[in-house]
1. Read through the list (1) within 25 Å of Leu23 (Cβ to Cβ); (2) assigned by TED's automatic domain parsing to the domain that holds Glu151, then give the number of the only condition that Tyr270 fails.
2. Among the listed residues Arg274, Arg279, identify the single one that is assigned to a helix (DSSP H, G or I), surrounded by 18 or more Cβ atoms within 10 Å (Cβ to Cβ), on the phi < 0 side of the Ramachandran plot and modelled with pLDDT under 95.
3. Can you name every residue in region 252-288 that is in contact (Cβ under 8 Å) with a residue 60 or more places away in the chain and within 30 Å of Val11 (Cβ to Cβ)?
4. Say we look at region 145-193 and pick out the residues that are aromatic (Phe, Trp, Tyr) and in contact with a Gly (Cβ under 9 Å, 6 or more places away or on another chain); which of these is surrounded by the fewest Cβ atoms within 10 Å (Cβ to Cβ)?
5. Residues to consider are Val222, Val204; find the one that is buried (at least 18 other Cβ atoms within 10 Å of the Cβ), closer than 21 Å to Glu116 by Cβ and outside the structural domain of Arg274 (by TED's automatic domain parsing).
6. Going residue by residue through region 37-56, is there one that turns out to be farther than 21 Å from His220 by Cα, modelled with pLDDT under 95 and surrounded by 15 or more Cβ atoms within 10 Å (Cβ to Cβ)?
7. I'm checking my understanding of the structure. Among residues of region 187-200 that are more than 17 Å from the chain's Cα centre (by Cα) and assigned to a loop (DSSP other than H, G, I, E, B), which one is nearest to Leu129 (Cα to Cα)?
Amino acid sequence: MTVHPTIDRPVFPAETLARMAKLYPGEAGLLRHHLPDHRLLSIEALAVLGESLPASAVEYNPGDLPVGILPEDIPANGLSIGETIRTIDTNGSWAVLKNIETIPEYRALLMDLLGELKPVVEPRTGAMLTPQGFIFISSPGSITPFHFDPEHNILLQLRGTKVMNVWPAGDERFAHRIEHERYHTGGHRNLPWDEAFRGGEQQVPLGPGDAVLMPVMAPHFVANGDTPSISLSITWRSEWSYREAEAHAANALLRRMGLDPAMPPRWPDYARARSIGWRVARKLKLVS
């Protein structure tokens, strides 16, 4: 483990690893962490980080959004990323810094945290592929709209409070297979929202020291509390998650051919023929 000046004990206690072993990879659930205040995660450090990242690795907008909103309808907040982060207490915004692993110090922190999880993760889903880190900075009362993500993910709450509202992964009542196909062929992560979805979610309240395990492609939205929030999301992929993504992409191709393919199976199975077919098609440059 890399030695960080402010980290002198494991971030994930034994009881968290035991709890994760019961949940991973298919269920969302509350965990605990001991990540202390860290110089890389202060407001000023995050503002500097945001200013150093390429535009493609920074996303920010007003935080008073509806739960369901089309990506093209999300307005700008009129600030720079540095201004957004430095004034997050009062500007009513939401921001995410993506792929922080491209910065050596942040990659070291990310890899240390993921290293603690390997004994739970690798016996179940194999090697932890494509490690990535994301940092979310949110004003009081902000909303992260309804969406899903392709990674295995643990979100660590560092400052403030929020409620993660999570729906079951792979349940077409909340994210139809066509939405998966759209996403895995280049579409946006946001999902169509219906008020009828309410009541089907698992609500996971988070405060400093809490974390949440998020399954691959579990639909969710996030409601921030009444104080500013900072959260660190540590993510990885597995061979299975890539195979599932490929099966959805192959389904999109089959749908364009006039077929109506079934939803691929969830962990531990995968649609082997469709995954292999998609890999062959990519290799032969039959699809982009």
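1. (2)
2. When all the criteria are applied, what remains is Arg274.
3. Arg266, Trp267 - these are the residues of region 252-288 that are in contact (Cβ under 8 Å) with a residue 60 or more places away in the chain and within 30 Å of Val11 (Cβ to Cβ).
4. Result: Trp193.
5. It is Val204.
6. yes
7. Pro192
Each row is one residue, and each column tells you yes or no for (1) more than 24 Å from Ser241 (Cα to Cα); (2) not hydrophobic (A, V, I, L, M, F, W, C).
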{"site": "Ser56", "(1), (2)": "no, yes"}
{"site": "Asn61", "(1), (2)": "yes, yes"}
{"site": "Leu70", "(1), (2)": "yes, no"}
{"site": "Gly78", "(1), (2)": "yes, yes"}
{"site": "Leu114", "(1), (2)": "no, no"}
{"site": "Val121", "(1), (2)": "no, no"}
{"site": "Ser138", "(1), (2)": "yes, yes"}
{"site": "Ile143", "(1), (2)": "yes, no"}
{"site": "Pro150", "(1), (2)": "no, yes"}
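The values are calculated or read from the model by the stated rules, or taken from the named source; none is laboratory data. Model, not experiment: these values are computed from the prediction. Please note: Cβ atoms are built from the backbone with ideal geometry, for glycine as well, and neighbour counts cover all protein chains shown.
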